[in-house]
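Asks: Starting off with a structure, shown below.
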Amino acid sequence: MAKLDGKVALVTGGSKGIGAAIAAALAAEGARVVVNYASSKAGADAVVAAIRSAGGEAIAVQADVSDADQAQALVTRAVQEFGRLDVLVNNSGVYEMGPLEQMTQDQYRRMFDINVLGVLLTTQAALDHLGEGGSVINVSSSITTIAPANSAVYTGSKGAVDAITRVLAKELGPRGIRVNAILPGMVETEGSIAAGYIGSDMQTGIVAMTPLGRVGQPDDISGVAVFLASDDAGWVTGQLLSASGGL
Ligand code: NAP
């Protein structure tokens, strides 16, 4: 029996990068998966097609997680399709770095709306359906443990995710719902490539600080998500788990 047989998982931002790898890995362990996307329908459809061709079940659902009505509709659609919800992976996120003087209010609002409010709204909507054995997995960042210069807004947003994770573990534990966060190191994704981080001096500096000596790939993160979603992690909650090569 696969680790997630019978479970239904919702992965926000599953159309590419870390979220796409998590969606595929959860499905490979038997979960039926809802692959959320904001604008990349083709990306989400490709993730769903790959899951189906491997014998799994998945659907793609568009929603902006920073909009309360859309977050609610996303969860409602997931439950309509698969009848239940066991695992919520709050992976959707955006990142922009720069000296504080250069950061704009629009950048602040975008990062906090998607990275923080999106986590709160989607989790809030999911609480009508998550029950005993439920698992919420927030994708934070190991940047919160390093707190490098020129990252105040993004690191602030992920620091909030870490705090929310620890609070909700206490709040939802009595209902049998576990809440944990994964803190990835730098991972090669569509997003990190588009941002210019891969191949940059930033990458060289991060690899130099990384005991395992490389940047991550999405599948370095997806196995950790499977663990946290599964009953193997049934006694694990409120944890901020770095998956970063030791960074
Ligand atoms: P990515 O390749 O840019 O993918 C981001 C995903 O988030 C896409 O599926 C995107 O959907 C979705 N998204 C963006 N805005 C959204 C919204 N308003 N509502 C719903 N979905 C939205 O990113 P990634 O590098 O895989 O990062 C995934 C997560 O890991 C983020 O939370 C990020 O902060 C975190 N992280 C990344 C790294 C890294 O080095 N890559 C390191 C640490 C932590 P569309 O494609 O439809 O726009």
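Every number here is computed from the coordinates shown, using simple stated rules; none is lab data. Since the model is a prediction, treat every value here as computed from it, not as a measurement. Cβ coordinates were reconstructed from backbone atoms using ideal geometry, including for glycine residues, and neighbour counts include every protein chain displayed.
Asks: Express the relative contact order of the chain as a whole percentage, based on alpha carbon pairs under 8 Å and six or more residues apart in sequence. Kindly include the intermediate steps, with their values, before the conclusion.
Replies: Working: 524 pairs, mean separation 49.7, N = 247.
After rounding, I find 20 percent.
Asks: Let me ask you something else. Would you list, by chain and number, the lysines whose Cα falls below 24 Å from the Cα of LYS3, excluding same-chain residues fewer than 8 positions away?
Replies: LYS16
Asks: Also, I was wondering about something else. Give a residue-ordered list of calculated ³J(HN,Hα) values for the range 92-101 (Karplus: 6.51 cos²θ - 1.76 cosθ + 1.60, θ = phi - 60°; whole Hz; x for Gly, Pro).
Replies: After applying 6.51 cos²θ - 1.76 cosθ + 1.60, I find 3, x, 10, 9, 9, 10, x, x, 4, 4 Hz.
Asks: Still on this structure, please answer the following. Setting aside same-chain residues fewer than 8 positions from LYS158, which aspartates and glutamates have a Cα under 18 Å from its Cα?
Replies: GLU96, ASP106, ASP113
Asks: OK, next. Seen from all sides and averaged, what is the projected area of the convex hull of the Cα atoms in the range 64-107, in nm²? Present the calculation step by step, with values, prior to reporting the outcome.
Replies: Details: hull surface 16.8 nm².
Convex hull of Cα atoms, orientation-averaged projection: 4.2 nm².
Asks: With the crude spin-label approximation of a point 7 Å out along Cα→Cβ, what separation in nm comes out for GLN102 versus ALA49?
Replies: Simple spin-label model gives 3.8 nm for this pair.
Asks: Going by average Cβ neighbours within 10 Å, how do the peptides 31-44, 127-140 rank, with the highest at the top?
Replies: Details: 31-44: 22.7, 127-140: 20.9.
So the order, starting with the most tightly packed, is 31-44, 127-140.
Asks: Continuing with the same structure: For the range 100-144 and the range 6-84, what is the separation of their Cα centres, given in Å?
Replies: Rounded to whole Å, the Cα centres lie 17 Å apart.
Asks: Helix by helix, which DSSP H runs in the chain go 15 Å or more along their axis at the Cα atoms and have an average Kyte-Doolittle hydropathy of 1.0 or more? Don't jump to the answer; show the numbers that get you there.
Replies: Values: long enough: 17-28 (17 Å, 2.05); 41-53 (18 Å, 0.68); 68-82 (21 Å, -0.03); 152-172 (29 Å, 0.40); 218-229 (17 Å, 1.11).
For the chain, where a helix must reach 15 Å along its axis and average at least 1.0, the hits are 17-28, 218-229.
Asks: Follow-up. Among DSSP beta bridges whose residues both lie in the chain, state the antiparallel percentage, nearest 5. Write out the running numbers ahead of the final one.
Replies: Working: 0 of 26 bridges.
The antiparallel fraction comes to roughly 0 percent.
Asks: Oh, and also: When the helix-only estimate is applied to the chain (DSSP H runs of n ≥ 4, each -39,500 (n - 2.57), divided by the residue count), what is the mean residue ellipticity at 222 nm, nearest 500 deg cm²/dmol?
Replies: Numbers: 10 runs with 107 residues, N = 247.
Only helices count here, giving -13000 deg cm²/dmol.
Asks: I'd like to know which of ALA126, THR104, TYR154 lies farthest towards the positive end of the charge dipole of the range 96-191, counting +1 on Cβ of Lys and Arg and -1 on Cβ of Asp and Glu.
Replies: ALA126
Asks: Something else now. Taking the alpha-carbon set of the chain, what are its Rg and Dmax in Å?
Replies: Rg and Dmax of the chain, Cα atoms, are 16.8, 54 Å.
Asks: Note down the magnitude of the dipole of the chain about its Cα centre, charges +1 on Lys and Arg C-beta and -1 on Asp and Glu C-beta and zero elsewhere, to the nearest 20 debye.
Replies: Using Cβ point charges on Lys, Arg, Asp and Glu, the chain gives about 240 debye.
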